[in-house]
Amino acid sequence: MALVMCSMSVFSQIDSELIQKVSNFPTSFKKTEDLADIINRDFKTDLDKAAAIYTWIALNIEYDVKTFFSGKNMSVKFSYRTLEEKEIKEKEIRDKMIQTTLRKKEAVCEGYASLYKALCDLCGLESVVISGASKNTYQLIGKEPKGSDHAWNAVKINNQWHLLDVTWGAGSVDPSTRKFVKEFTDGYFMMPSDRFFTQHLPEDKNWRLVEMNEKDFAEAPFYHHAYLFSDDELITPDKGIITRVKKGEVSFLLKTNKGINNLYFAFDRAKKSTSIEFSKNGDQLTFSVPVGNRNSGYFTVYADGSPLFSFKLNIK
């Protein structure tokens, strides 16, 4: 499969006027065709259509927490005699899931991604559903994925493929309360591939558009939104697992154009954070995190109250 991938230095943010316009659409539809008709009527470019589909789904479809925490296998078993019959039944199952997502206004990731593709089809956009492993918590640093647990999309615009995750664009699940926290973000729409793949590892290796295998994916730092949705670049450390330290400190080099006032770090389950001294020379910010005699645990670095990235200590 030949893929042309667009690589951007900064994530693509959806135009605020487009978001406002889509937020005034009806919040429910009986048929995907009805929603697609409005999108085709109000938007003319492929980029605007792709953004409008993402926006409407993220604003109006909630994550199905009950199904997620039930642990039920959502796959539907069926028998078939021919390849043609298999394809027909798969399409029927997929279409039913899409309509259920639209009617109930809730879904797990496969429902989000399938609805996005269905609307793209009706709006004349080429798109695919991609399955793979996700990395949505720092506690997964160092743990190689054992299979697929997530689904997202790629959409082709001007002959270039762009990545998006409309499920994560809709909000997140609070594991302590097991409730869906609705919080729209356009940061997962057309995110640069190098950042997208720090949290998403496609099962189909044809869609691994960066040099990354399961080990690389597991050992990468965990990046939070304040870093992912910026043009900051963490130079060192480049691995999420810290195996050695010098004088009890982990040294950092961060390229940033932001005017950062305060840096902090905190270990997992710590009751308070600790201030970090730093120096800045042009766009290069240097600092160290003192870990002392610790040889295990997780820590997170914060800038002006927002988490940037997390690491795992595994001192040999």
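So, counting K/R as plus one and D/E as minus one, what does the shell of residues with Cβ under 12 Å around LEU308 add up to?
Net local charge, LEU308 excluded: -2.
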Considering the dipole of the stretch 207-316 built from charges on the beta carbon (Lys and Arg +1, Asp and Glu -1) around the Cα centre, which of PHE265, TYR302, MET212 is farthest to its positive end?
PHE265
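Using 0.36 nm per residue, how much length does the chain from ASP231 to LYS179 gain when fully extended, once their Cα-Cα distance is taken away?
15.6 nm
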Percentage relative contact order, the stretch 237-316, counting C-alpha pairs under 8 Å, at least six apart:
38
In a shell of Cβ-Cβ distance under 12 Å around GLY124, excluding GLY124 itself, what net charge do Lys and Arg (+1) and Asp and Glu (-1) give?
0
If neighbour count is taken as other Cβ atoms inside 10 Å, put MET191, MET212 in order from fewest to most.
MET212, MET191
Taking Cα pairs under 8 Å and at least six residues apart, what relative contact order does the chain come out at, in percent?
17
Inter-part distance where the stretch 14-45 and the stretch 147-218 are each reduced to a Cα centre, Å:
23
Relative to the chain, whose Cα atoms define the longest principal axis, helix 109-122 and its Cα axis are tilted in degrees, nearest 10, by 50
Which label marks the calculated value of Cα extents along the principal axes in Å, given the options (i) 65, 45, 42; (ii) 49, 40, 38; (iii) 65, 53, 40?
(i)
Of the candidates ILE57, GLY124, ASN158, the farthest towards the positive dipole end of the stretch 16-220 (Lys/Arg Cβ +1, Asp/Glu Cβ -1, centred on the Cα centre) is ILE57
Taking other Cβ within 10 Å of each residue's Cβ, how do GLU92, GLU277 sort, fewest first?
GLU277, GLU92
Determine the sum of side-chain charges near TRP152: Lys and Arg each +1, Asp and Glu each -1, restricted to other residues whose C-beta is under 14 angstrom from that of TRP152.
-1
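Determine the percent antiparallel among the DSSP beta bridges restricted to the stretch 194-316, to the nearest 5.
About 95 percent, rounded to the nearest 5.
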Restricting to lysines and to Cα separations under 29 Å from LYS21, and discarding same-chain partners fewer than 8 apart, the set is LYS30, LYS31, LYS44, LYS49, LYS96, LYS104, LYS105, LYS117, LYS156, LYS179, LYS182
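No lab work stands behind these numbers, since they all come straight from the coordinates. Every value quoted in this text rests on a predicted model; they were computed, and no experiment measured them. Reconstructed Cβ throughout: ideal geometry from the backbone, glycine too, with neighbour counts over all protein chains shown.
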